[in-house]
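Below is one structure, written out as structure tokens; the observations come after it.
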Amino acid sequence: MYQVNVMAPGQDCSYPIIISPNLLSECAPCLSSLEGHTVAVIADEHTGPLYGSTVENALRTAGATPCLFEVPAGETSKSALQYDRIIDFLLESHVTRSDTVIALGGGVIGDLTGYAAATYLRGVPFIQIPTTLLSQVDSSVGGKVALNHPKGKNLLGAFLQPKQVLIDTGTLSTLDDRQIGAGLGEVIKTACISDEDFFSSFEKWQGRKAMLPHLPEIISHCCTFKAGIVRQDPLDHGLRMILNFGHTLAHALENSMGYGTLLHGEAVCIGMVYASRFGQLLGITPEGTDIRISRLLEAYDLPHEMPDNLAPEQLLQVMALDKKASGKILHLVLLDRIGNAVIHPLPFSELSTLLYRSWR
């Protein structure tokens, strides 16, 4: 078992991330503080049947009263429609501010449920139980919650730090190769911005088969790194932007192609290659970094090339709505070397030229 503690100064908040196999069936002691409370468990149509009864049983053992609600699986559920359905369910279940909401699923469920918890009655306690690799290494940690908007990804959002994050690594055995790959996109992103030795480990393993036995420590490393960033910048005013390496283009890809066509982690993979090219053109990133990242992504059967049916102009308008924008300046996250990210202000007027010059 691994435990990572997250502190969010300014939000008067600290909480544990507990990482262990079989945690769902053994988590009743972690939930003992919920005794006597109603607990709304929000899942999707995949995670509800797989894990809903196990979590409900653990809650009953802890003395709580659970109620389960399912939404359709997939990125399209991170919407105002499903948000309204969850709010209706919380009202019908008489959830109060002393009760708790649990997100049981991947990043979509975590973001959607967290946004509902942040806004329902101006905020109710929230627990994350992430069941995908992507959500375990990234989206469940740090308190960012959001909905998508037709004009862009995560444009409606809030900060709500969870009371705890319970990561059962056994849930990864139910994921298909594509979902594991989507999580690996975020893992490799963390390696790019955190530690060249960590990045080199993936080069040494040269593929998923040799890497899989190391997943618990990989998840712990990613959570520990993100916890350190959140401690320094809990509300995303500066340093925390580096966690979005590859995301400016990734979010534009997801929006332009239709949410769900590319999984988020897949889009991040392509975004990292292009962010490296941006940095090379600007003289910030060492030459050949894009090739090194592309080769690693290829070794792990991850996308690293732009889809053939896209043109630069399709992405530019969406990129202009990126959350890291300020006035007419876009704050690009670039690498000055593998293992270290920097934030580079770029006028929007230069973005088009940079994207066209990077296009391959």
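Placing +1 at every Lys and Arg Cβ and -1 at every Asp and Glu Cβ, with all other atoms neutral, what dipole size does the range 64-142 have around its Cα centre, in debye to the nearest 20?
Working: 4 positive and 8 negative charges, 36 e Å.
So the dipole magnitude of the range 64-142 works out to roughly 180 debye.
For the range 149-236, what is the charge dipole size about the Cα centre, in debye to the nearest 20, if Lys and Arg each add +1 at the Cβ and Asp and Glu each add -1 at the Cβ? If you can, show how the numbers build up before the last one.
Values: 10 positive and 11 negative charges, 62 e Å.
Its charge dipole is roughly 300 debye.
Ignoring ligands, DNA and RNA, what percent of the 1.4 Å accessible area of the range 250-345 is carbon and sulfur?
On the way: 1880 of 3810 Å².
After summing per-atom areas, the C and S share lands at 49 percent.
Report the trypsin sites (Lys or Arg not before Pro) located in the range 96-151 that are in a DSSP loop and have at most 16 other Cβ atoms inside 10 Å of their Cβ, or state none.
When the trypsin sites (Lys or Arg not before Pro) of the range 96-151 are filtered for loop state and at most 16 Cβ neighbours within 10 Å, 97, 151 remain.
Of 86, 74, 146, which is farthest along the charge dipole of the range 1-151 in the positive direction, counting Lys and Arg as +1 and Asp and Glu as -1 at C-beta?
146
With only Lys, Arg, Asp and Glu charged, each at its Cβ (+1 for the first two, -1 for the last two), find how big the charge dipole of the chain is about the Cα centre; round to the nearest 20 debye.
Values: 26 positive and 37 negative charges, 141 e Å.
In total the dipole reaches around 680 debye.
Projected onto the charge dipole of the range 197-294 (+1 at Lys/Arg Cβ, -1 at Asp/Glu Cβ, origin at the Cα centre), which of 230, 247, 284 gives the Cα projection farthest towards the positive end?
Final value for the positive-end residue is 230.
Compute the helix-to-body angle for 107-119: its Cα long axis versus the longest principal axis of the chain, expressed 0 to 90° and rounded to tens.
Once rounded, the angle reads 60 degrees.
Please give the Cα centre distance for the range 163-200 versus the range 207-279, rounded to the nearest Å.
Answer, in whole Å: 9.
Stretch residue 336-residue 309 to full length: gain in nm at 0.36 nm per residue minus the Cα-Cα span? Mind dumping the intermediate values first?
On the way: separation 27, 0.36 × 27 = 9.72 nm, distance 3.10 nm.
That works out to 6.6 nm of additional length.
Write down the accessible area per residue of the chain in Å², having rolled a 1.4 Å probe over the full set of protein chains. Numbers along the way, then the final one.
Numbers: 14400 Å² over 360 residues.
Per-residue accessible area for the chain comes out at 40 Å².
Which one of 332, 191, 16 is farthest out on the positive end of the charge dipole of the chain, using unit charges on Cβ (Lys, Arg +1; Asp, Glu -1) and the Cα centre as origin?
332
Using Cα atoms only, what is the angle between the long axis of helix 177-194 and the major principal axis of the chain, expressed in degrees (0 to 90) to the nearest 10?
70
Pick out, in residue order, every one of the GluC sites (Glu not before Pro) in the range 17-102 that is DSSP loop and has at most 16 other C-beta atoms within 10 Å; say none if there are none.
Working: sites: 26, 35, 45, 56, 70, 75, 92; in loops: 35, 45.
In loop regions of the range 17-102 (DSSP not H, G, I, E or B), the sparsely surrounded GluC sites (Glu not before Pro) are 35, 45.
How many percent of the accessible area of the range 132-194 is carbon or sulfur, using a 1.4 Å probe? All intermediate terms of the calculation are to be shown ahead of the outcome.
Values: 950 of 1820 Å².
So the carbon and sulfur contribution to the accessible surface is 52 percent.
Less than 26 Å apart at the alpha-carbon level, and either on another chain or at least 8 residues along: which lysines does that give for residue 328?
Answer for residue 328, where 26 Å is the Cα cut-off: 144, 151, 153, listed by chain and number.
The values are calculated or read from the model by the stated rules, or taken from the named source; none is laboratory data. Predicted, not measured: the structure shown is a model, and the values here were computed from it. Cβ coordinates were reconstructed from backbone atoms using ideal geometry, including for glycine residues, and neighbour counts include every protein chain displayed. Side chains are part of the model used for accessible areas, which takes the heavy atoms of the whole protein and leaves out ligands, DNA and RNA. Shrake-Rupley method; radii C 1.70, N 1.55, O 1.52, S 1.80 Å.
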